[in-house]
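These notes are about the structure you will find just below.
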Amino acid sequence: MLPSAEPRAPGRAEVPAVELRHIVKRFPGVVANRDVNLAVQRGSIHAVIGENGAGKSTLMKMLYGMQRPDSGTILVDGAEVSFRSPNDAIAAGVGMVHQHFMLADNLTVLENVILGREPRRFGMIDRSAARRRIAELGATYGLPVAPDALVEDLGVGQRQRVEILKVLYRGARILILDEPTAVLVPQEVDELFANLSELKREGITIIFISHKLDEVLALADDITVIRAGTTVATADPRTATTRDLAELMVGSELPTPETRDSTVTTDVQVRVNGLTCRSAHGRPLLDDVSFTIHRGEIVGIAGVEGNGQTELIEALMGLRDPDAGTIELGGVDVTRWSTRRRREAGLGYVPEDRQRHGLLLDAPLWENEMLGHQSQPPNVKGPWIDGGGARQRTEEIVERFDVRTPNIDVTANALSGGNQQKLIIGRELMAEPQAMVAAHPTRGVDVGAQAAIWDQLRAARSTGLATLLVSADLQELIGLSDALLVVFEGRVVARLDPSTATPQQLGSYMTRGDARDAGPAA
Amino acid sequence: MLLLLAVAALVAASCASKDKTSTTSNGGTSGGTSASAATCQGKTGEKDTAKPLGSVGDPNGSGKKVGLVFDVGGRGDKSFNDSAYNGIEAAAKNMKVTIKTLEPDASGSNRAELMRGLATGGYTMIIGVGFAFADDMAKIAKDFPNTKFAIVDGVVKQPNTTGLLFAEEQGSFLVGAAAAQASKAKQVGFVGGVETALIKKFEAGYKAGVKQIDPNVKVDVKYLTPDGDFSGFKDPAKGETTAKGLYANGDDVVYHAAGLSGTGVFRAATAADRLAIGVDSNQYLQVPPAQQKCILTSMIKRVDVAVYTAVKAYLTGGLKGGTLMFDLKNGGIDFATQGGQIPDTKKLEDLKQQIIDGKITVPTT
Amino acid sequence: MLLLAAPLLAVAVAVAASALVLLATGNSPSKVFWVMAVKGTKTEAVVSMLNRAGPYYISGVAVAIGFKMNLFNIGVEGQYRLAALLAAAAGAAVTLPAPLHVLVILLVAMATGALWAVIPGLLKATRGVSEVISTIMLNAVAGGVTALLLEQYLKAPQEQGGYTVGTRPIGASGRFPSLNAAIAHLGIHLPAANRLQAYIFVAVAVGVAYHLLVWRTRFGFDLRASGSNPSAAEASGVDAKRMIVAAMAISGAFAGLVGLSQVLSEAGRYTSDTVIGGLGFTGIAVALLGRNHPLGIALGALLWAFMDAVQTPLANEGLPKQITAIMQGLIVLSVVVAYEVVRRTAARREASELRRAMPAPEVVRA
């Protein structure tokens, strides 16, 4: 297969900027790191790739001092280090830009950048010194920012730039970026990559964590692949293909969403009409949203996170009272129905955050199977729990949905993310729902589980299930959906045919709410 | 600033010397307080003048075992339980009976167990201190018909149980009279621990005594808790706050019938430089010298006399059920004179005699 | 195994620590522990322990129901006081055939406790008021209301010279007989003065009801789900607000039974001495000791009751009975620590078992 390629770019220093040797980290219930080896050359962009849950983030947290390895060595510029906190890491020149930004919304860019490291003069914050330094950094690294803008007024890409600046301001020479493109639309990704290349030119070492293979190939100088908690290979981006990398990551053939015959019927199963939700301040979170889902149809919702998806899901599930509009399920107005009544009427739910909204982590699997269906057979008989029925149903789910677990009495937090998700998908589909809200059904699960879940969703669709699919994974949306809605600031701004929509086109709607610059596919 | 500090230091020094020398009066501090209110002028360090319990002819009870169970709180309440202990201790000394005293747990849930333990342990006379024993004693007395029981402040309808009752209204009448004499503000206060029928008896006697001296003296009455909530007998902080309020309101003498909460009343009195009246025991003898000068008198309810008398009656076969009443006449009730602050002790003695002679009948409600 | 090891270890630590306290205060630990071990296990003390354990257990269960959904019902104290008063008054007011009479009293107590507990439940559900604060406040209110109701309306006429304030006594049909006659058949003869109260059966019934309700019913599942993960429970269709009110009502209904052991047996009426204070707080400790498990709470209640029962022999021997209160505190403290240690150990163990059961995929295939 792909030969492990040693990075051999000319002019590089002999001593790696960062080197990890035989790192081991154990956690209860999640994939740990074992025997991780990694060498990052100074002034290079080194990509660490692996599926969600492969252990990339844990590894980087150890490098940034947020967690300590159980064994193994970390070397920075050839010297062994032992970070007890991020402060130690920063002192050694290692900085991290988190996937979720750590910025104070109500402060200005300048204030955020200097927060905790304020230059002082006579005991007061020396703003002019800070301003000079930020302008200097911006010029050097090609990161222009408006120091007096409030962070809450900035777009996602600009916020990320502030985060990077913040880390540089603290003197970091080694930057860790944890899935920096996850929250960006394609245009922003391009900008980010330009910035990173600039940083590299200025001698900054960048460790780039991702599972998006195109990006990695476009940007990185070296690639290290992590699978199941350990480094399994290094690859040379000049020779490797996405398919090579994917197979290294997954250890098997990459599944592709395929085009299938339409199973869409003419029966409307879900009808949402004029649905509107406002925030406490009256700002519309969901603005006059209307759509229908037919039996046998998957309707996909695309959009940058925070543009009304959560509110839409909550309103559909009865977890949020809409301010206007109606929701019909099988021709019946359920707008005022409680969550339980909707679920009993055959509305399935795969929540976006499975641990927070979908599981009882400290309860056994068979009780988790009951969750959401605790008022229906086979889980109950009258007011009594039917433990036997629930356990049998759980065994079936474990079998049919390939939930990897020693038995059904282990607690849910002992399962890996993918297996937790398979359990959830299983319990929802086994209840034979009429309609289902599936939010990020494959987020954070390995590729094998992802394929299985996709297959299950397709199978349910072909038996007539009406599915609302909310996802941040455009490939998933395009591959699974029969119709695609783009939401922006709470409104449906586009209805697209997935068979003709392009990622560029989607990205354009998602960021600006219209199709300007969307290209010829519009 | 410095001047003020110096003055304060001088005042403090004079106060300290006053405490040590225990002289009758000094012009130094009284000048600083309002002339229309009685202040703490009492002598400190005076000794107990009560006659020791018992006499030479008391029977010899050696070999007999007498058990006593305190009320919740046990010894150290400077009041009821301590007084009971004095009585049983004197009985042990004078009449050679073997004694055992027990204290119930904080909720009083093992009163019955303790009495039962004494009964099965060969104690043929058992005393319960406080009316809370009534219900339990009624049942245990039935189980141990050959054991004699006595209950302080209570009545139990069993042939082998004797209630030891007090005419508290009589003593309260006398301290009320003393309060009216001492008050310059012409208003005095009363702090009851719990608004029970028993404590209302104290209030009634006190009010009557005040009016006897001067019908124009106002009496402010405060109870710490309503009936059924007995925390009012063991809450010094509440006692202090309540008394503080009364003093701030202008009362210059406060009589407390509040058990352990009374220690708070004394603290408030000392802080406000106003007078307080103790209850049950001669509380002058129990408080630190700094508080002694604020104690006008005490309504002495001689639980010790009652306990001693009951033991004596038991030894002579005189404990035959029913009740024994202790009053001014038989020395079960009295008032204290330590500190020498009662303006007219002779008048009080006169009133006392009138009550004994039946010329004055003190109301109980 | 681990689950039992924790409390045993905790008790051992508490015993050792209290021995140090005894030594430091100039007492002989061996003598104290000897009295506890020998006199504390005599029939008399065991009867006292069992009589006490019943109310402690019921109180523990009442608290545990709240704990099961992260509600801290500190108001058991006020709930049982008010409930005992009204139930005693109701029991004295009616005369019914024996089982019915007792049932009426129990139901009045449960209804009163439930209604009183619903107040903080509603406050939390509709206004977000912390039940910790409101139940503490309502304890004070209940104390006042109880005293007032008793004084104003429910007081029995006092005998001349008697100062005990209480309700009128309940007729014989409304009381439980002592179990002395029953256990005499088993060959255990208790002195007449030593009554084993039948109220222990109410505690057993409460335990069974608790187990069935929480672990065997839909409602119990909703309750546990809400406690374990409120947002997941809500997403599963549990009405969080209704759940808060319902859980408080049930907790309060059990709490209503806490104070009736004396009222329904020897004393036959409500007085401030037959319905003692502090049982609600004991219930919190007992629920913690028992980890909200029906049998665990029973062990906790018995341990606590034992500690209280040996106060009498200790007092009889002139030994410092306060040591039992110190030990109770130490036990709770060490148990809480021990459970946390055990919990972490168990979690690690489960994780490593899982790793063994499912080895990671083969490493380098390149």
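Worth pointing out:
- Euclidean distance of C-alpha centroids, segment C:289-307 and segment B:48-98, integer Å: 42
- Stokes-Einstein diffusion of the protein assembly as shown at 25 °C, 0.890 mPa s viscosity, Kirkwood radius from Cα pairs, rounded to a whole number: 66 µm²/s.
- Contour excess over end-to-end distance, with Cα ends at A:Ala345 and A:Ser499 and 0.36 nm allotted per residue: 52.2 nm
- In this label model, A:Ala324 and B:Asp143 are separated by 7.7 nm, measuring between points 7 Å along each Cα→Cβ vector.
- Applying a DSSP loop filter and a limit of 15 other Cβ atoms within 10 Å to the trypsin sites (Lys or Arg not before Pro) in segment C:4-42 leaves C:Lys42.
- Cα-Cα P(r), segment A:268-512, percent of pairs per 5 Å interval: 1, 7, 14, 18, 20, 17, 12, 7, 4, 1, 0
- Taking a point 7 Å from the Cα of C:Ala240 along the Cα-to-Cβ direction, the residues of segment A:342-375 with backbone N closer than 12 Å to it are A:357.
- Largest GNM mean-square fluctuation across C:Ile133, C:Ile105, C:Ile58, computed for chain C with C-alpha springs under 10 Å, falls on C:Ile133.
- Karplus-derived 3J(HN,Hα) values for segment A:109-116, using 6.51 cos²θ - 1.76 cosθ + 1.60 with θ = phi - 60°, are 4, 4, 5, 5, 5, 8, 3, x Hz; glycine and proline are entered as x.
- Extended-chain gain in nm, criterion 0.36 nm per residue less alpha-carbon gap, A:Leu150 and A:Glu118: 9.8 nm
- Between segment C:169-186 and segment B:160-222, the C-alpha centres lie 46 angstrom from each other.
- Rounded tilt (10° steps) of B:2-21 against the dominant C-alpha axis of chain B: 40
- Under-5 Å amide H pairs with A:Arg34, H placed in peptide plane, nonlocal only: A:Lys25, A:Thr230
- Average projection, convex hull of the Cα set of segment A:67-208: 9.5 square nanometres.
- Among B:Ala243, B:Ala180, B:Ala134, residue whose mean-square fluctuation peaks in a GNM of chain B (springs only between Cα atoms under 10 Å): B:Ala134
- Once the Cα gyration tensor of chain A is diagonalised, semi-axes √(5λ) in Å: 41, 28, 23
- For A:Gly300, the residues whose amide H sits under 5 Å from its own are A:Leu469, A:Asp482, A:Ala483, A:Leu484, A:Leu485, ignoring neighbours fewer than 5 places away on the same chain, with H placed 1.01 Å from N.
- Compared with the rule-of-thumb size 2.2 N^0.38 Å for a compact globular protein, chain B has a Cα radius of gyration ratio of 1.03.
- For segment A:90-181, applying the loop criterion from DSSP together with a ceiling of 14 other beta carbons within 10 Å to the chymotrypsin sites (Phe, Trp or Tyr not before Pro) yields A:Phe122.
- Low-density loop positions, trypsin sites (Lys or Arg not before Pro), segment B:261-341 - DSSP coil, at most 16 other Cβ in 10 Å: B:Lys320, B:Lys329
- Remark: relative contact order (segment A:105-172) = 46 percent; criterion is Cα-Cα distance under 8 angstrom and separation of 6 or more residues.
- Choice from C:Ser30, C:Ser226, C:Ser18 with maximal GNM fluctuation in chain C (Cα, 10 Å cutoff): C:Ser30
- Segment B:228-302 and segment A:107-178 have Cα centres separated by 67 Å.
- Note, ³J(HN,Hα) from phi for segment A:296-309, Karplus 6.51, -1.76, 1.60, rounded to Hz, x at Gly and Pro: x, 10, 10, 9, x, 10, 10, x, 5, 4, x, 10, x, 4
- Scattering curve values for segment B:202-261, log₁₀ I(q)/I(0), Debye with Cα scatterers, q = 0.19 Å⁻¹: -0.74
- Taking every residue in B:108-118 and counting other chain Cβ atoms within 10 Å of its Cβ, the average works out to 6.
- Annotation: for a label point projected 7 angstrom from Cα along Cα→Cβ of A:Asp333, residues of segment A:265-285 with backbone N closer than 20 Å are A:268-278.
- For B:Asp220, the residues whose modelled amide H falls within less than 5 Å of its own, excluding neighbours fewer than 5 places apart on the same chain, are B:Val188, B:Gly189, B:Phe190.
- Length gained when the stretch C:Glu317-C:Ile183 is fully extended (0.36 nm per residue, less Cα-Cα span): 45.3 nm
- Based on C-alpha pairs under 8 angstrom that are at least 6 apart in sequence, chain A has a relative contact order of 15 percent.
- Neighbourhood charge, 11 Å Cβ-Cβ cut-off, centred on A:Ala130 and excluding it, Lys, Arg +1 and Asp, Glu -1: +3
- Local net charge near B:Thr242, Cβ-Cβ under 12 Å (Lys/Arg +1, Asp/Glu -1): 0
- Couplings 3J(HN,Hα) for segment A:96-108, derived from phi with the Karplus relation 6.51 cos²θ - 1.76 cosθ + 1.60 (θ = phi - 60°), are 9, 10, 7, 4, 9, 5, 10, 10, 8, 4, 8, 10, 7 Hz, where x marks Gly and Pro.
- Net charge dipole, the protein assembly as shown: roughly 4460 debye, given to the nearest 20, about the Cα centre with Cβ charges of +1 for Lys and Arg and -1 for Asp and Glu.
- Relative to the dominant Cα principal axis of chain C, helix C:240-255 is inclined by about 40°.
- The C-alpha atoms of chain C define a longest principal axis, and helix C:199-216 lies at about 30 degrees to it.
All of the numbers you see were taken from the coordinates with simple rules; none came from a lab. Worth saying up front: this structure is predicted, and the values here are computed from it rather than measured. Please note: Cβ atoms are built from the backbone with ideal geometry, for glycine as well, and neighbour counts cover all protein chains shown.
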